[in-house]
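Trainee: If you scroll down you'll find the structure; I have some questions about it.
The values are calculated or read from the model by the stated rules, or taken from the named source; none is laboratory data. Keep in mind it's a predicted model, so treat the numbers as computed, not measured. Note that each Cβ is placed from the backbone with ideal geometry, even for glycine, and that neighbours are counted across all protein chains shown.
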Amino acid sequence: MGFASIAPHLPWLQNKFQLTESEMGLLLLCHAIGAVTMMLVAGRVIHSFGSRLPVIVGGCLLILLLPLVFWLDQIPIIILVLIIAGAGIGTMDVAMNAQAVIVENGMEKPIMSSFHGLWSLGAMTGGATATFALTMGFTPLQHVAFSSLILTMILGASSFSMIPSSQEEKGEKTPLLVRPSGKVLSLGLLCLLGMVSEGTAVDWSAIYSSSVLGASASQAALTFTIFTMTMMIGRLTGDWVILKLGRVQLVRFTAALGAVGLGVGLVWGTTFSAWLGFACLGFGLANIVPIMFGEASRIPGVSAGTGIAGVATLGYCGFLLGPPTIGFLAELIGLQGALGLIVVFCVILGIFGPGMLNQNNATKN
C-alpha cells in the first residue's frame, strides 16, 4: 500500500522536473537498487536480530521517506531517498515473509498464499486512495503524507503481535552476502520466471490491448484490472485449494492454466480474448511465488531468512528486468510475439516447479 500510493503521482513528479521517459525509468530504478542490495544481506540481519526488528525498521524507513519524494526539490537527494526507501522495502519484504513462515509452521496449515494476497490487496488500496485523493483535489504530498500516517498506525499495531526473536530457529550462521546456491538457487530461478511474468503482465497488458488490439482506453485498463483481480482472488483462495489438492498439484494445474489461457488469448487476438488470457494468467501465477517462498524457508540446514532472501533477490530481479526485456523483444518480433515468452515461462514452471517441492510438505502444508 505504501509504495503503490505514490505510483499514480509519478507523472506529476516527471512533469515537475521535466524528465524524459528514460530519465524517469532510471529514477524509478533507484528504489530497486536499494531493495536488491538489502535482500542480499537480509539473511544475515535476520539471523543476528530476528525478523521482527527488521520488519519494524524497514517499515519505518518506507513510511518516513516516501513523503520526502514529493517535498524535495533536488533530484540527487530524491535519488538517495529512493535508494534508502528501497532498502527499507527489501528488508521488510524478506523479514515479514520469515515471520509468516513461523506462523504458518506453528499453525500447521498453509497461510502463505493469503499472506501474499494481502500484498495484492494493499497495492490495489494504495492506487485507489491515490485516485480518490487526486479526484478530491489533494496534492501528491498531502495524500502520501496522509497514507504514511495510516501506515504508521498499522505498523505500530501489528508490531506488538509479531513473533519475537527468542522464538525463531536460527539455523546455520548465514554469510554476510547471500549468494543463492543449491535448492535456493533453483527455487529462486523459478521465482524469477514467475515474477518476470507478473511484472510483464502489470506493465504490458494494457499497452498490448491498446496498441495491438485497438482497444479503447477503458477496455485496455480493464485488461490490467482483470489480471490484478484474478491474481488477488487466486492468492486469497490459494491456501484453501492447497488443503484440497496440495502444493504440487496446485503449481502444476495453475501453471498449465496460465500457459493455455494466455496462449489461446494471444492467438485469438481480440479484446475479449485478452481479458480471458490475462485472467487465466492471474490465476496461474497467483500462488507460485508464495509457494516458492514457503519452500525456501524449509530447506534443511538453511535458516528461513537465508532461504527467503536468496529466493526474493532473484525473484525481485525478475520483476524488474522482465518488462524491459519484453519491450526489447517487442521491437524485434512484435508485442504479441514477445508476450508468448510468458507462455513458455508458465510451461517451465509447470514442468519443473512441482519437482522442487518437498513431497512431505507438499500435500499436508
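Trainee: Scan Val289, Val302, Val212, Val248 and give me the residue that is β-branched (Val, Ile, Thr), in contact (Cβ under 8 Å) with a residue 60 or more places away in the chain and buried (at least 24 other Cβ atoms within 10 Å of the Cβ).
Mentor: When all the criteria are applied, what remains is Val289.
Trainee: With Ala221, Ala201, Ala259 as the choices, which residue is more than 25 Å from Gly353 (Cα to Cα) and either part of a helix (DSSP H, G or I) or not acidic (Asp, Glu) (or both)?
Mentor: Only one candidate qualifies: Ala221.
Trainee: Looking at Val184, Val196 in this structure, which one is at pLDDT 75 or above and either outside any helix (DSSP H, G or I) or within 19 Å of His47 (Cβ to Cβ) (or both)?
Mentor: Checking each option against the conditions leaves just Val184.
Trainee: Going residue by residue through segment 36-47, is there one that turns out to be outside any helix (DSSP H, G or I) and surrounded by 15 or more Cβ atoms within 10 Å (Cβ to Cβ)?
Mentor: no
Here is a yes/no grid of residues against (1) in the same structural domain as Met92 (by TED's automatic domain parsing); (2) in a helix (DSSP H, G or I); (3) under 20 Å from the mean Cα position of the chain (by Cα):
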site	(1), (2), (3)
Phe253	no, yes, no
Leu266	no, yes, no
Phe272	no, yes, no
Gly277	no, yes, no
Phe283	no, yes, yes
Val302	no, no, no
Gly315	no, yes, yes
Glu331	no, yes, no
Phe345	no, yes, yes
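This table checks each residue for (1) touching a helix residue (DSSP H, G or I) at 6+ places or on another chain (Cβ under 9 Å); (2) in a helix (DSSP H, G or I); (3) of a type in the set (A, V, I, L, M, F, W, C); (4) surrounded by 22 or more Cβ atoms within 10 Å (Cβ to Cβ).
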site	(1), (2), (3), (4)
Ile84	yes, yes, yes, no
Ser113	yes, yes, no, yes
His116	yes, yes, no, yes
Gln142	yes, yes, no, no
Leu149	yes, yes, yes, no
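Quick grid of which residues meet (1) under 22 Å from the mean Cα position of the chain (by Cα); (2) more than 30 Å from Gly50 (Cβ to Cβ); (3) at pLDDT 80 or above:
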residue	(1), (2), (3)
Ser158	yes, no, yes
Ile163	no, no, yes
Cys191	yes, no, yes
Gln219	no, yes, yes
Ile242	yes, no, yes
Arg247	yes, no, yes
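Trainee: Evaluate segment 50-66: report whether one residue or more is of a type in the set (Gly, Ala, Ser), under 22 Å from Gly156 (Cα atoms) and modelled with pLDDT under 90.
Mentor: yes
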